[in-house]
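Visitor: One structure, as structure tokens, below. Some questions next.
The numbers here are math on the coordinates, done by the rules we state, and not lab data. Here the structure is a predicted model, which is why all the values come from computation and not from measurement. Cβ sites come from the backbone with ideal geometry, for glycine too, and all protein chains shown count toward neighbours.
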Amino acid sequence: MLLSKLLNLLTDYSRENFQDVEITGISYNSATTKEGDIFICIKGEQSDGHDYAKYAVEKGAKAIFCEHKLNNLSCPQIIVKDTKRQMAAIAAKFYDEPSKKLNLIGVTGTNGKTTVTHLIQRIIEEDNNKCALIGTLGYKLSSLDSYKEAKHTTPQPPELQRDLKLMYDNGINNVVMEVSSHSLEQKRVGFCDFDGAVFTNLTQDHLDYHITMRNYFKAKAILFENLKKGAFAVINKDDEYADDFIKACPEGVRVFTYAVKNIADVKADNIDFSIDGAKLTVKFNNKEEKLSLHLNGMFSVYNALAAFTAGLAIGIDYKTIINALENTKSVAGRFEIVAKKPLVIVDYAHTPDGLENVLKAARELTPKTSSLICLFGCGGDRDTTKRPKMGKIADELSDKVIVTSDNPRSEDPQLIISDIMTGIKTVDTQRIFVEPDRREAIKFLKIISNPADVIVIAGKGHEDYQILKNETIHFDDREEARKVFNTESEIINNAVR
């Protein structure tokens, strides 16, 4: 594509050394720059891409996208105020704006995004239509496909637009995507043409980045503010921010609500939980239908309602929606059962609300004469204010607690644990334990548990790594738990792959 054509979606830019060169790719990492790329200079926390522009040109970059003129470079330079925010325009144009050719549905919220996207994908496929998925676990072209690795919940614009084009080129017309607050704030999904948006919930997370909950809301609301006329919005009416999200929708957007407690377009009633999952009645359009889920916990009921409502908004028959939901087992690392005696559940819960929801769901499965045991930690270099809150929740909702590490990154694991412990009311050595080594902590579960107990290993879920100060090592809670409880040969894992 000629450089001049690539600039068509840009506003407010200047040019240096302009030549209408042919651009064959987009790069923002000089180490992976290829011949014919336009190199985008991104300012990060640790480094500045402007410092690597010369190296990118030596690797074959034909033009530079930057925030100030770079001396001693004779190649074309496109200068904008913020390259990170304008990168989406470059990427969308290069890949011929694929989202305009797709039925693109975005799902945002603090918790539940991964499960809801998987459920919507299943519903669309049950309606005999192809649907791809993009999210925390990666991207895949169908529910039967394996994941392709992703670095972010929502990819950077060049990867996102490339993937959307790949999906369209493979004859896929529907894409459901997790949309993070970071990606909205940083305009990673800029120039994405959404046909629908789903809001799950808004609770404390990422305040190290957004600072306040209001800023966090404003970032999430961007998805709804930019919906086009005729698009749909699905809103959790039980969430305290529901009305704010409804108000964020432009005129002409079709709004649908779901709830357990409040009046809504789709409502759950007669909810019952067992080890096999949740049973409930769904009320909608003057109808009442029974729904039996393999998924468990009240949070799963909300996730199913969100997907159910999205299915109706898309125009899919409710019987098809029910079939899809009832035939879905679980999502990797989301309330995933990895052993049965004791019942060991691995979950991605890494926020106060997420941990509370999972522990309450697990308590429903815990016999009265048995114990609910929680193992968790908090990530390093992230929101420190949630650490004591999560300690308090684990202490109040569990019979025994093991506090350990969870991606400490550059922080001292013991200091992170100390922050968590400030939220624990009384450190009873018979029920509160500390083990910074996560592998050893999981082994210790065997010592303090009985076969009838229920164990929740929270925080990492599907992740198969641990981020330490100087390295990232392989580590999977599910693998470690199976080793400890001797379930390697037992086929328990019914998670969606």
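Visitor: Which lysines, on any chain, are close to LYS340 with Cα under 23 Å apart, when same-chain ones fewer than 8 places away are left out?
Guide: LYS279, LYS329, LYS360, LYS368, LYS400, LYS443, LYS446, LYS460, LYS483
Visitor: Which value in Å is the Kirkwood Rh of the range 3-94 over different Cα pairs? Mind dumping the intermediate values first?
Guide: On the way: mean 1/r = 0.0787 Å⁻¹.
After inverting the pairwise mean of 1/r, the radius is 12.7 Å.
Visitor: Within the chain, what is the longest stretch that has no GluC sites (Glu not before Pro) placed in a DSSP loop and near at most 14 other beta-carbon atoms within 10 Å?
Guide: 252-470
Visitor: Return the distance in nm (one decimal) between the two label points of a simple spin-label model at LEU166 and LYS34, each offset 7 Å from Cα along Cα→Cβ.
Guide: For the pair LEU166/LYS34, the computed spacing is 1.2 nm.
Visitor: Give me MET390, MET87, MET1 ranked fewest to most by other Cβ atoms within 10 Å of their Cβ, as a rough exposure proxy.
Guide: Exposure proxy ranking, most exposed first: MET1, MET87, MET390.
Visitor: Run the reach check for LYS283 against lysines, Cα to Cα strictly under 19 Å, same-chain hits fewer than 8 apart removed. What comes back?
Guide: The reachable lysines, counting only those whose Cα sits under 19 Å from LYS283, are LYS237, LYS261, LYS267, LYS319.
Visitor: Using only the Cα atoms of the range 25-184, construct the convex hull and provide its projected area averaged over every direction, in square nanometres to one decimal.
Guide: In nm², the orientation-averaged hull projection of the range 25-184 is 10.0.
Visitor: While we're looking at this one, here's another question. In whole angstrom, how far apart do the alpha carbon centroids of the range 92-119 and the range 286-311 sit?
Guide: Comparing the Cα centres of the range 92-119 and the range 286-311, I get a distance of 21 Å.
Visitor: What Kirkwood hydrodynamic radius, in Å, does the chain give when the mean of 1/r is taken over all pairs of distinct Cα atoms and then inverted? Don't skip to the answer; put the middle values down first.
Guide: On the way: mean 1/r = 0.0418 Å⁻¹.
Final number for the Kirkwood radius of the chain is 23.9 Å.
Visitor: Just the Kirkwood number for the range 336-487, please: inverse of mean 1/r across all distinct Cα pairs, in Å, one decimal.
Guide: Computed over Cα pairs of the range 336-487, the Kirkwood hydrodynamic radius comes out at 15.0 Å.
Visitor: Contour minus end-to-end for THR320 and THR472, with contour as 0.36 nm per residue of separation and end-to-end as the Cα-Cα distance? Before the final figure, lay out the partial values.
Guide: On the way: separation 152, 0.36 × 152 = 54.72 nm, distance 4.29 nm.
Between THR320 and THR472, full extension yields 50.4 nm more.
Visitor: Can I ask one more? Arrange THR369, THR154, THR136 by Cβ neighbour counts within 10 Å, fewest through most, would you?
Guide: Sorted ascending by nearby Cβ count, the order is THR369, THR136, THR154.
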